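Chemist: Input: one structure, supplied below.
The values are calculated or read from the model by the stated rules, or taken from the named source; none is laboratory data. None of these values were measured; they are calculated from a predicted model. FYI the Cβ positions are ideal-geometry reconstructions off the backbone, even for glycines, and counts take in every protein chain you see. Areas reflect the complete protein model, heavy atoms only, side chains present, ligands, DNA and RNA absent. Shrake-Rupley method; radii C 1.70, N 1.55, O 1.52, S 1.80 Å.
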Amino acid sequence: MQNTEEIWRLVDASKAEFEDLSDRVWHMPELAYTETRSCAEHTAMLREQGFRVTEKVADIPTAVMGEAGEGGPVIAILGEYDALPGLSQEAGVAEQRPLPGPGFGHGCGHNLLGSAAMLAATAVKDYLAANKLPGRVRYYGCPAEEGGAAKGFMVRDGAFKDVDIAISWHPAAFAAVQEALSLANTRIDFSFAGRASHAAAAPHLGRSALDAVELMNVGVNYMREHMPSDARIHYAYLDAGGVAPNVVQPTAKVRYLIRARDLVELRRLIERVRKIAEGAALMTETRVEAKVVSGVSNLLGNLPLERAMQSNLDRLGPPPFDEADRDKAAEFQATLSEEDIAAAWRKMGLPVRKGVPLCDVVVPLDLKGAPMVGSTDVGDVSWVVPTVQARGATYAIGTPGHSWQLTAQGMLPAAHKGMVHVAKVMAGTAVDCLRDPALVEAAKADLAARTEGAPYEPVLSPDVQPPFGMSTAA
Ligand SMILES: [Zn+2]
């Protein structure tokens with residue numbers, strides 16, 4: 001108990017600087033792989049706090065790592081700072097009001113995500129020093145969570161190879177340990193090449209790449225009936241072969257996003273989609289090339305770490321929101337439908353309660369909510385290091401992810417309280433790992449058991465490079 005209170009005090013001692021850091025990053029929203037200013041803010045703060053800094057982790061210009069302490073174990077706390085397009089919004093206002101500028105906004109709360117993670121790492125650093133304990137704590141500033149899979153490239157480059165435990169969190173409506181339910185995915189571009197010709201005068205001489213893409217899509221849509229029900233496939237046309245219907249389309253390109261429960265299922269599905277693409281090329285006498293753009297692994301849970309984190313949360317209780325916080329959150333709830341709000345409770349497996357604008361509970365570990373069917377690049381870290389994540393309550397219950405309402409709430413007092421609260425949960429869990437070698441061993445044994453017979457084989461092959469230009473391409 002004494003350790004717990006000490007680490008909470010250390011979080012409180014540094015919180016003001018990190019609330020400011022979060023607010024500064026909120027004001028400079030930057031998209032995946034272009035987070036130059038946000039990363040510079042994080043780098044400067046790491047230096048100010050006395051961390052040993054490594055810039056450009058894995059040769060990614062906007063990835064940074066700071067380390068403190070000596071010896072082992074090594075505890076990594078992961079942060080992010082990328083924003084989203086189309087989600088610019090005036091702060092604190094419960095009415096859609098985009099700010100002038102390029103329209104970017106922190107609609108996923110990553111301004112808070114990075115700051116709370118570094119706040120936790122700072123408190124753990126101070127704890128190690130005050131108690132003269134062996135062990136190292138690292139903060140990883142990870143860019144491009146939104147579609148850029150940066151952590152996958154960082155894992156591939158060995159950035160986590162000597163890490164014993166990884167801890168992270170995500171802004172949410174409720175305080176909880178995050179269930180490990182996310183899908184592995186990959187984006188693959190299929191480019192077809194045919195032969196142009198006059199579509200009326202010499203149609204027999206043309207070979208249409210657009211036909212090939214359409215036949216490929218038909219084939220994949222027929223396959224849906226025969227794939228695992230939790231898998232997902234979506235596609236978008238990147239090139240439909242031009243704007244002239246009287247020219248047989250010589251090129252066409254389609255991007256597939258394939259998601260599956262785990263890497264084994266994903267690989268099977270990728271093989272089937274590739275066969276369909278080849279079949280479409282065969283049928284149309286065109287050629288096809290497939291290029292992997294990005295990929296992430298599914299998340300692996302870790303029961304010993306989840307239990308340790310839950311016990312920290314239970315001791316801490318819900319975040320200390322007050323009446324003013326609840327009134328403000330109620331304004332945002334008034335912009336949502338009852339269905340949005342009810343869905344948020346159900347997602348956590350909790351009974352729906354009306355008139356509760358902010359989290360006032362700690363969600364128990366054994367509640368089973370609706371599975372998340374998105375994907376995250378934390379998945380790749382969880383295959384190589386025992387990993388645990390918290391949900392930190394930072395916004396009104398029912399606020400949709402990636403929304404202007406979420407951007408608007410990113411600097412409110414409730415958001416600050418939520419980020420300090422979750423920093424305590426993460427720092428407390430880190431201290432448990434530093435104090436208790438048996439917990440670290442149990443976490444490693446849990447990971448070994450989960451990957452037995454199916455070791456980590458990343459979706460990203462060695463030739464795939466980080467998509468640095470993804471946010472600047474028209
Ligand atoms: Zn996010």
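Chemist: Over all distinct alpha-carbon pairs, what is the Kirkwood Rh of the chain in angstrom? Could the numbers behind the result be given before it?
Modeler: Details: mean 1/r = 0.0427 Å⁻¹.
Its Kirkwood hydrodynamic radius stands at 23.4 Å.
Chemist: Does region 382-432 come out rounded, prolate or oblate, given a ≥ b ≥ c as the square roots of the eigenvalues of its C-alpha gyration tensor, rounded meaning a/c under 1.5 and, failing that, prolate meaning a/b above b/c?
Modeler: It comes out oblate by the Cα gyration axes.
Chemist: Provide, as a two-decimal number, the C-alpha radius of gyration of region 209-261 over 2.2 N^0.38 Å, N being how many residues it has. Write down the numbers at each step before the final one.
Modeler: Working: Rg = 13.3 Å, N = 53, 2.2 N^0.38 = 9.9 Å.
Scaled against compact globular proteins, the figure is 1.34.
Chemist: Pop out the ³J(HN,Hα) list for region 207-216 in order, Karplus 6.51 cos²θ - 1.76 cosθ + 1.60 with θ = phi - 60°, rounded to Hz; leave Gly and Pro as x.
Modeler: 10, 8, 5, 5, 4, 4, 4, 5, 5, 4
Chemist: If you fit an axis through the alpha-carbon atoms of helix 437-451 and take the longest principal axis of the Cα set of the chain, what angle between them do you get, 0 to 90°, nearest 10?
Modeler: Taking the Cα atoms of the chain, the angle to 437-451 is about 20 degrees.
Chemist: State, to one decimal in nm, how far the label point of Asn131 lies from the label point of Ala201, with both points 7 Å from Cα in the Cβ direction.
Modeler: Distance between label points: 8.3 nm.
Chemist: Give the angle, between 0 and 90 degrees and rounded to the nearest 10, that separates the Cα long axis of helix 303-316 from the longest principal axis of the Cα atoms of the chain.
Modeler: 50 degrees
Chemist: Shape call for region 184-295 from the C-alpha gyration tensor, a ≥ b ≥ c root eigenvalues: rounded (a/c under 1.5), prolate (a/b greater than b/c) or oblate?
Modeler: prolate
Chemist: Once you order the gyration tensor axes a ≥ b ≥ c over the Cα atoms, which shape class does region 75-156 get: rounded for a/c under 1.5, otherwise prolate or oblate by comparing a/b with b/c?
Modeler: Details: a/c = 5.05, a/b = 1.87, b/c = 2.70.
It comes out oblate by the Cα gyration axes.
Chemist: For region 231-275, which whole percent of the accessible surface, found with a 1.4 angstrom probe, sits on carbon and sulfur atoms? Provide the component values of the computation, followed by the final result.
Modeler: Numbers: 1300 of 2390 Å².
Whole-percent figure for carbon plus sulfur exposure: 54.
Chemist: Hey, what did the chain get for relative contact order, percent, Cα under 8 Å, at least 6 apart?
Modeler: Normalised by residue count, the contact order of the chain is 23 percent.
Chemist: Quick check: the distance between the Cα centres of region 63-94 and region 205-237, to the nearest angstrom?
Modeler: Cα centres, region 63-94 to region 205-237: 37 Å.
Chemist: Out of the DSSP beta bridges found with both residues in the chain, what percent are antiparallel (nearest 5)? Working shown, then result.
Modeler: On the way: 42 of 60 bridges.
Within the chain, antiparallel bridges account for around 70 percent of the total.
Chemist: Follow-up question, since we're still on this one. In whole Å, how far is the Cα centre of region 441-474 from that of region 118-149?
Modeler: So the separation of the two Cα centres works out to 21 Å.
Chemist: Which value in deg cm²/dmol, rounded to the nearest 500, describes the helix-derived mean residue ellipticity at 222 nm for the chain, given -39,500 (n - 2.57) per DSSP H run of n ≥ 4 and division by the residue count? Don't jump to the answer; show the numbers that get you there.
Modeler: Details: 13 runs with 188 residues, N = 474.
That comes out to -13000 deg cm²/dmol.
Chemist: Report the FRET efficiency, 1/(1 + (r/R0)^6), for Lys161 and Val93, where r is their Cβ-Cβ distance and R0 is 56 Å, rounded to 0.05.
Modeler: Numbers: r = 45 Å, r/R0 = 0.81.
Efficiency, from the Cβ-Cβ distance: 0.80.
Chemist: What is the diffusion coefficient of region 1-149 in µm²/s, taking the Kirkwood radius over Cα pairs and the Stokes-Einstein relation at 37 °C with a viscosity of 0.692 mPa s?
Modeler: On the way: Rh = 15.9 Å.
Translational diffusion coefficient: 206 µm²/s.
Chemist: Now, a different point. Listed here are the pairs Lys15/Lys328; Lys275/Lys347; Lys125/Lys417; which of them are more than 29 Å apart at the Cα? It would help to have the intermediate numbers written out before the result.
Modeler: Values: Lys15/Lys328 22 Å; Lys275/Lys347 37 Å; Lys125/Lys417 21 Å.
Over 29 Å apart, Cα to Cα: Lys275/Lys347.
Chemist: Let me ask something else. Relative to the longest principal axis of the C-alpha atoms of the chain, give the angle of the C-alpha long axis of helix 36-48, reported between 0 and 90° and rounded to the nearest 10°.
Modeler: 30 degrees
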